[in-house]
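Notes follow the structure.
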């Protein structure tokens, strides 16, 4: 456990040693802040049926920024160690492969969570300025941030997998960006292809991150996406672990 | 301490090392020599559990490097070639991090980190970013890391490459001192270094062990054990032909410097031809300014072993 903790703290601090962290933080807060501002301006013009909080988490602007951050966060995790050769001192120390994989994964998750903390301020500021609650209910906060965490964990595990496949960070970023956008936009099929049966529509809906977010940000905690994303994350981490072990294959 | 049996490693159709067999005993300093691409780094990486072998077995302190890799690694201090380090960390920070990875108990971490910093002369750079270190200091950080957990065995891949002569001397002294408590396997290109530090030497070429012995025995074994250099004014004489008549002289090459002939004689091992050469020079009235015997070095052994293979 101490080794895992040591590896984890090295991972987390390595994010804050690199300029990428600050660029991602700035970019993300800028885009999400602009989004928040525009959503409120829009709501200010006419009455709407949803809360500020629902509007914020379901806008296109927001999702655009969302899919872009994962390749940036995860591309260096393994690829950089391969490139610099630091994987050699790391793996010749008495550490287990899964400790390294999990440390890299949770390191990225922690950075991702840090990225989201300032957005809580938006709602606090909103409340302070308007003397109104931003969300319909307390559960809506839980729901939205839970969904962000679940989807984030899944996308980070995809990013880790892409990074373990190559020693080139750009290639890792491109692979994970493609995979993440593909998954994310597959949830939009029902909007594009209109001529499908209602059963098919329902099935696709189960996998649509957009629909899940719409449900959860209303404050309805649905357990199905929880199970879905936790298990998908475990599958991707399993694949990452296997891919990381290929260097030990006897060829 | 190290036991290697029939170790073979193939990379995509190419055999990097084939059928290596050797043992390194407790407290030995073993030198690992060979031309570039001979398989030194591959062998060391297998011993450090970084690469798997295609076939054969290797063990460290009784633990198989593949099956019981974690225990084997706990007994090993490994310094990889070119010493890859995290550039964004500071020296002390890096060593503390490595100490925790190597399971050094909390209360001993600062003591051990302090000790290795002292031993490797890192005090003056302890708060510097690793990125800002010179090659020599990076090398020492790598060595300090390898020593942190007081391993029984040290594997050092080219520990002195890229160092200046003073640093090489310091590292050599350090290795010699470490050899009192640790078993060491080190690879290098610098042959005089091996002669000075190692108790035994393995010469590897094209993935095979060509020789494994003490430096003294290796020197005794080679045919061209050494040579004699004669610098003289020989007048109109055909010096090489006359020198070749002396028993024990295998070959003579000549060159000229300022009107002096420089004659290099290759001689059979175990013979001293200097008295004969002197007698010849006296009889022929040559004016002599130098007559020296050159002792064979490991370099001669190395060249002979690795070249004879190329010829065949």
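Please treat every number below as a calculation from the coordinates, not as lab data. In this text the structure is predicted, and so the values were computed from the model without any measurement.
Quick one: in segment A:112-251, what % of C-alpha pairs are over 23 Å apart?
Cα-Cα pairs in segment A:112-251 separated by more than 23 Å: 49 percent.
If you take the C-alpha gyration tensor of segment B:223-295, multiply each eigenvalue by 5 and take the square root, what semi-axes do you get, largest first, in whole Å?
Ellipsoid semi-axes (Å, largest first): 19, 12, 11.
Rounded, prolate or oblate: pick one for segment A:1-41, where a ≥ b ≥ c are the square roots of the eigenvalues of its C-alpha gyration tensor, a/c under 1.5 means rounded, and failing that, prolate if a/b is larger than b/c, else oblate.
Here segment A:1-41 falls in the oblate category.
Under 37 °C and 0.692 mPa s, how fast does chain A diffuse according to Stokes-Einstein, given a Kirkwood radius computed over C-alpha pairs? Answer in µm²/s, whole number.
Here the translational diffusion coefficient equals 168 µm²/s.
Jot down the per residue volume, in cubic angstrom and as a whole number, of the convex hull over the alpha-carbon atoms of segment B:149-282.
Expressed per residue, the convex hull around the Cα atoms of segment B:149-282 is 176 Å³.
I'd like the antiparallel share, as a percent to the nearest 5, of DSSP beta bridges with both residues in segment B:2-220.
55
Taking only DSSP H segments of four or more residues, each worth -39500 (n - 2.57), what value at 222 nm results for chain A once the sum is divided by all its residues, to the nearest 500 deg cm²/dmol?
-26000 deg cm²/dmol
Which value does Rg/Rh take for chain B over its C-alpha atoms, Rh per Kirkwood?
1.10
Taking the Cα centroid of segment B:141-206 and of segment B:247-277, what is the distance between the two, rounded to the nearest whole Å?
Going from one Cα centre to the other spans 36 Å.
Rg over Rh of segment A:172-251, using C-alpha atoms and the Kirkwood radius, what does it come to?
The Rg/Rh ratio comes out at 1.10.
Relative contact order for chain B: what percent, with Cα pairs under 8 Å and sequence separation of 6 or more?
19 percent.
Would segment B:52-106 count as rounded, prolate or oblate if I go by the C-alpha gyration tensor, calling it rounded below 1.5 in a/c and otherwise prolate when a/b exceeds b/c, oblate otherwise?
The shape class here is oblate.
With angles folded into 0 to 90 degrees, how steeply does helix A:169-186 sit against the dominant principal axis of chain A? Use alpha carbons for both and round to 10.
For helix A:169-186, the angle is close to 40 degrees.
Write down the Å³ per residue value for the convex hull defined by the alpha carbon atoms of the protein assembly as shown.
222
Roughly how tilted is helix B:274-283, in degrees to the nearest 10 and between 0 and 90, from the longest Cα axis of chain B?
On a 0 to 90 degree scale, this one is about 30.
Between 0 and 90 degrees, rounded to the nearest ten: what's the tilt of helix B:135-147 against the longest Cα principal axis of chain B?
Once rounded, the angle reads 60 degrees.
Calculate for chain B the 222 nm mean residue ellipticity that helices alone would give, adding -39,500 (n - 2.57) per DSSP H run of length 4 or more and normalising by residue count, nearest 500 deg cm²/dmol.
-10500 deg cm²/dmol
Could you give the length gained by full extension between residue B:282 and residue B:250, i.e. 0.36 nm per residue of separation minus their alpha carbon distance, to one decimal place?
Gain on extension, residue B:282 to residue B:250, equals 9.4 nm.
In the calculated pair distance distribution of segment A:1-142, what percentage of Cα-Cα distances lie above 28 Å?
Beyond 28 Å sits 35 percent of the P(r) for segment A:1-142.
Quick one: compute a quarter of the convex hull surface over the Cα atoms of segment A:49-88 and quote it in nm².
3.5
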